[in-house]
1. Cut-off is 10 Å between beta-carbons; in what order do 45, 89 appear when sorted fewest neighbours first?
2. Relative to the present Cα-Cα distance, how much length would full extension add between residue 38 and residue 79 at 0.36 nm per residue of separation?
């Protein structure tokens, strides 16, 4: 089998010293496409995680609001009891 050699030049226009065969060029392109595919999958997972964190944060904020309301209600009750105790003296 005859393999042709193709000169690959960097984007800055300088000549490259190495030559790649068509097979080597195809392997390099396959590698790049494979890496891009893996990166896309990781990015999708990361996006899903961020969405899940946002949902959890919203849920936690609502829980905190209810907790705060409960604490304020207990404080009001304590203040009423304290005031009643002072009035009975």
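Quick note: the coordinates plus some simple rules give every number you see, no bench work behind them. In this text the structure is predicted, and so the values were computed from the model without any measurement. Using ideal geometry, Cβ is built from the backbone for each residue, glycine included, and neighbour counts are taken over all protein chains shown.
1. 89, 45
2. 8.7 nm
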